[in-house]
1. Please report, as a whole percent, how much of the solvent-accessible surface of the stretch 30-142 comes from carbon and sulfur atoms (probe radius 1.4 Å).
2. List the trypsin sites (Lys or Arg not before Pro) within the stretch 84-143 that fall in a DSSP loop (any state other than H, G, I, E or B) and whose Cβ has at most 14 other Cβ atoms within 10 Å.
3. So which of 37/70; 113/143; 113/138; 70/127; 37/127; 37/143 end up more than 23 Å apart by C-alpha?
4. At a 1.4 Å probe radius, which order do 120, 87 fall into by accessible area, largest first?
Amino acid sequence: IIMADAKKPNLPAIVKDLGLSVKMDSLNALLNTAPPKSWLKEHKGNTYQPIERVKNNLVTIFQDYDWEIKNCSIMANSILVYGTLSIINPITGRVRNLSGVGAWPIQLAKGSKPLEIENIIQDAIQKNAPAAESLALKNAASKLGKLFTDGGSDVEFTGMYSKDVPMDDIKASQQ
């Protein structure tokens, strides 16, 4: 039997804690806002967000974070860094772990072929490993939302809980 007059439930009507869901919508809306153009830099035609800005945003929004390098290796002529970013959601208190990977080419003497490892410049690993680590941290942070990227993400966030939810419904869900 199909009930034509039955009202279909919507997400705000069926969540356990509507007030919490509305707050999460606000946080997700912030995290999925494109970064201001003034935050971005350009290098060789590539737009990027500097690691200092990413770290600043992590501290500003989450108050603290942990970054742990899980593995560092060499593949072909690049340094690969794998790590885990851990943040605590300021609304729910839930710990979230995000994996990230970054790679940076190892500097070789001018005229060297890519796999001629014997031609590594003396301090290349010392310089290039931190660059790969920065890319890994940025990769992990980018999974939090567009705010941590160069703004080019095609993912769009639409808050479902804070949309047209009367304040009385929010208050009632918290009792």
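The values are calculated or read from the model by the stated rules, or taken from the named source; none is laboratory data. Bear in mind the structure is a predicted one, so any value in this text is a computation, not a measurement. FYI the Cβ positions are ideal-geometry reconstructions off the backbone, even for glycines, and counts take in every protein chain you see. Note: areas computed on protein heavy atoms with side chains; ligands, DNA, RNA excluded. Shrake-Rupley method; radii C 1.70, N 1.55, O 1.52, S 1.80 Å.
1. Details: 3630 of 7010 Å².
The nonpolar share, carbon plus sulfur, comes to 52 percent.
2. On the way: sites: 94, 96, 110, 127, 138, 143; in loops: 94, 110, 143.
Qualifying residues, ordered by number: 94, 110, 143.
3. Values: 37/70 32 Å; 113/143 35 Å; 113/138 29 Å; 70/127 19 Å; 37/127 28 Å; 37/143 20 Å.
Beyond 23 Å between Cα atoms: 37/70; 113/143; 113/138; 37/127.
4. Numbers: 120 55, 87 5 Å².
My answer, sorted largest first, is 120, 87.
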